[in-house]
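Structure below; questions to follow.
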Amino acid sequence: MTLGFSPSFVSESGKLIGESFYLVGESGRLIGESFYLVGESGRLIGESFYLVGESGKLIGESFYLVGESGRLIGESFYLVGESNRDEAD
């Protein structure tokens with residue numbers, strides 16, 4: 001399994017505002033990736049993640065977005081089982 005970071009996103013002020021992280025399985029297939037976004041205030045305002053099984057099927061994903069006020073303005077999550085049925089929360 002390999003872990004790594006992909007390019008970061010930096011604001012005009014030089015502050016790190018976003019970065020993604022990936023996970024690669026033994027077969028060389030990308031099996032997971034996450035991304036986060038930080039506002040100018042330094043607050044974490046968004047994050048996403050997905051996970052792919054060795055078969056190549058997407059088995060889970062989550063996302064949330066928070067406004068600068070700290071209020072949650074969007075969120076989603078789903079998990080797909082190996083039996084091809086969707087399980088939703």
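Evaluate the stretch 20-27: report whether one residue or more is at pLDDT 85 or above, over 15 Å from the mean Cα position of the chain (by Cα) and within 22 Å of L72 (Cβ to Cβ).
No: the stretch 20-27 contains no residue that is at pLDDT 85 or above, over 15 Å from the mean Cα position of the chain (by Cα) and within 22 Å of L72 (Cβ to Cβ).
Within 13 Å of the chain's Cα centre (by Cα) and aliphatic (A, V, I, L, M) - does that describe any residue in the stretch 71-80?
Checking the stretch 71-80: not a single residue is within 13 Å of the chain's Cα centre (by Cα) and aliphatic (A, V, I, L, M).
Can you tell me which residue within the stretch 40-52, out of those that are of a type outside the set (S, T, Y) and modelled with pLDDT under 85, is nearest to V10 (Cα to Cα)?
E40
Okay, next question. Sort out which residues of the stretch 2-43 are of a type in the set (K, R) and farther than 17 Å from I59 by Cα, and write them in order of number.
K15, R43 - these are the residues of the stretch 2-43 that are of a type in the set (K, R) and farther than 17 Å from I59 by Cα.
The values are calculated or read from the model by the stated rules, or taken from the named source; none is laboratory data. Here the structure is a predicted model, which is why all the values come from computation and not from measurement. Heads up, the Cβs are rebuilt from the backbone with ideal geometry, glycines too, and the neighbour counts pull from every protein chain shown.
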